[in-house]
Structures are given as structure tokens and as C-alpha cells.
1. For W59, W23, what ranking results if the residue with the fewest other Cβ atoms within 10 Å of its Cβ goes first?
2. Using Cα pairs closer than 8 Å and at least 6 residues apart in sequence, work out the relative contact order for the range 6-93, in percent.
3. Work out the length of the dipole vector of the range 94-141 about its Cα centre, built from +1 on the beta-carbon of each Lys and Arg and -1 on the beta-carbon of each Asp and Glu, and round it to the nearest 20 debye.
4. Sort V112, V13 so that the residue with the fewest other Cβ atoms within 10 Å of its own Cβ comes first and the one with the most comes last.
5. Among T122, T54, T37, what is the fewest-to-most ranking by other Cβ atoms within 10 Å?
6. Counting DSSP beta bridges with both partners in the range 47-162, what percentage is antiparallel, nearest 5?
Amino acid sequence: MMVQNPSDLTFVVDSMLGKVAKWLRILGYDTVFTRLTAPSQLARWTGQGRLIVTRGRRWQPGERVILLTADRLEVQMRQLIAHLDLKFDRNRVLTRCPRCNTALQPISRLEVETRVPDAVLTRGYLFRHCPNCGRIYWPGTHSQRILNRLNRFWTDPIQESN
Ligand SMILES: [Zn+2]
């Protein structure tokens, strides 16, 4: 089904899959999180080129509608990754605000000085901020935890039990 470059994919994630939406954003994908209620909504989103990701069995799976059947986040992500043949691209991680989906922008150390802990400031990190909600992001232990988690999405076998 791959007609687009996987890295250009954009998504609409249905309301029951909040964690999937969050992790797609962490992976750098433009992801709208909303409650899908009417077929006209789906048509509008797919018309904009977005892929629909849902658990709602009322929606017919198809070229642009992906039905995730698993309950656990890790398995849901594995299903999505396998279905779309998504590749892990570390350079895209945390380029988009997980909270509001806005593309992050670089921000200077000077500008974040009063807004992040001193210990973080002294490390010479590259800071990014969300121009919409104002959150600041930087690589660090937080980000290592995120990378470990992402790694598991690609390496864990698909298992619904346990
Ligand atoms: Zn934001």
C-alpha cells in the first residue's frame, strides 16, 4: 500500500488510542488526535492525505484506514510499524510536540536559562521549544528512556498475552 515516502506519512488517530497518538508524535509524525464519529469526518481527513488509525470496528479497514486490534500499546505500535513498514529514524525523534503536535523549533540556551534546571543548562544541550504550547525539550535521561521505549516497539515480538 506504500504510495508515499513513509517519513511523509501523516495520521489521524481515533480517541481510544491516545498513547499511539502520543508516540507517533514522539516519532516525529504529524498526528491529529480526535474522536471519529462520522464517515464524512473520515472522508475529509483521508482527502487531506492522512491515514486513519482506529480501534473502532464500525470503520471499514482499507487503504487509508488502519484498524488496530491489540490492547497493549507495544503491540499496537508493532502492528502499525509492520503494516506501514515504518523505519526508525532517530533524527526525527522529538521534532514534534507530543502534547500538541506542533513542529518544535530550536531555541537558544539564553532563552531557556530561567526555565530549565541549572544541571540541564550546563550540559550544552540543543534545546527545542514548542511555539504553540511553550514546552521546552532537550536530549537527556528523559530522551534516553524514550529511545529505549521506541526501540522496544521495533524489537519486541508481537504478543498479546502478558
Ligand atoms: Zn506543544
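Readers should treat all values here as calculations from the given coordinates under stated rules, not as data from a laboratory. These numbers were taken from a predicted model, which means no experiment stands behind them. FYI the Cβ positions are ideal-geometry reconstructions off the backbone, even for glycines, and counts take in every protein chain you see.
1. On the way: W59 16, W23 23.
Ranking W59, W23 by Cβ neighbours within 10 Å, fewest first, gives W59, W23.
2. On the way: 115 pairs, mean separation 27.0, N = 88.
Once divided by the residue count of the range 6-93, the mean separation gives 31 percent.
3. Details: 7 positive and 3 negative charges, 38 e Å.
It comes to approximately 180 debye.
4. Details: V112 17, V13 29.
Going from least to most buried by this count: V112, V13.
5. Values: T122 9, T54 21, T37 12.
The fewest-first ordering by Cβ neighbours comes to T122, T37, T54.
6. Numbers: 6 of 9 bridges.
Taking every DSSP beta bridge within the range 47-162, about 65 percent pair in antiparallel fashion.
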